[in-house]
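Colleague: Could you have a look at this structure, given as structure tokens, before my questions?
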Amino acid sequence: MQWLWLDDGFPIAETEGRIYSEILRIIRGEDMTQNITKGVKALLAEANEVVSTVSVEDAQTLHKDENYVFVDLRDIRELQREGKVPGAFSCPRGMLEFWIDPDSPYHKDIFNQDKTYVFYCASAWRSALSAKIAQEMGLAPVAHMAGGFTAWKKAGSEIEEVNR
């Protein structure tokens, strides 16, 4: 089996010179069985309308304040590869709702404090959606960091290494 890479970096398996046309058809959106009525752009726009955004410059100051909890939503591979905001709490995006909810068997006490929660991810997409969900669940106050960890790094901010 060989792998082909589409222009957007998506891998497609190729076997004996045949590309699985069904996979390509789905990726290209041709004859989609599903009728997606709201895309990620609309979801992000809605989230950004109701969630506070913290600039990287403000975040650089706030992350040292004990009244703020920075929550890194990236997965462990991203953390190990890039590092994180010093002192940030790592919460994989897929566990957020379970860790926030005090009735969940997975609840984490860090989400039961009288503090401001600042969510971030790589580029502020997951964090916008996560902050909106957290806010809807009743966690308050919440915000997310503009530009995510990419902007944090680009600004020359301090980075904490995450060991493998």
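Colleague: Any lysines with Cα under 22 Å of the LYS38 Cα? List them, leaving off those in the same chain fewer than 8 positions away.
Modeller: Partners within reach: LYS132.
Colleague: Next question. Full-extension gain between GLN34 and ALA140, please, as 0.36 nm times their residue separation minus the C-alpha to C-alpha distance. Each step should come with its number before you reach the end.
Modeller: Working: separation 106, 0.36 × 106 = 38.16 nm, distance 3.54 nm.
Taking 0.36 nm per residue and subtracting the Cα distance, the gain is 34.6 nm.
Colleague: Now for a different question. May I ask you to compute the full-extension gain from ASP109 to LEU44, defined as 0.36 nm times their residue separation minus their alpha-carbon distance, rounded to one decimal in nm? Kindly include the intermediate steps, with their values, before the conclusion.
Modeller: Values: separation 65, 0.36 × 65 = 23.40 nm, distance 2.79 nm.
Result: 20.6 nm gained on full extension.
Colleague: Rounded, prolate or oblate: pick one for segment 40-154, where a ≥ b ≥ c are the square roots of the eigenvalues of its C-alpha gyration tensor, a/c under 1.5 means rounded, and failing that, prolate if a/b is larger than b/c, else oblate. Each step should come with its number before you reach the end.
Modeller: Working: a/c = 1.29, a/b = 1.15, b/c = 1.12.
It comes out rounded by the Cα gyration axes.
Colleague: Below 18 Å, Cα to Cα, which lysines can LYS154 reach? Residues fewer than 8 away in the same chain don't count.
Modeller: Leaving aside lysines fewer than 8 places away in the same chain, those within reach of LYS154 are LYS84.
Colleague: Fully extended, how many nm does the chain gain between ASP101 and ILE159 (0.36 nm per residue separation, minus their Cα-Cα distance)?
Modeller: 17.9 nm
Colleague: As an exercise, use a Förster radius of 45 Å and the Cβ-Cβ distance of PHE89 and ILE27 to find the FRET efficiency, rounded to the nearest 0.05.
Modeller: On the way: r = 35 Å, r/R0 = 0.78.
With a Förster radius of 45 Å, E is 0.80.
Values in this text are rule-based calculations from the coordinates and carry no lab data. A quick note: this is a predicted structure, and the numbers were derived from the prediction, not measured. A quick note on method: Cβ atoms are made from the backbone with ideal geometry, for glycine too, and the neighbour counts reach across all protein chains shown.
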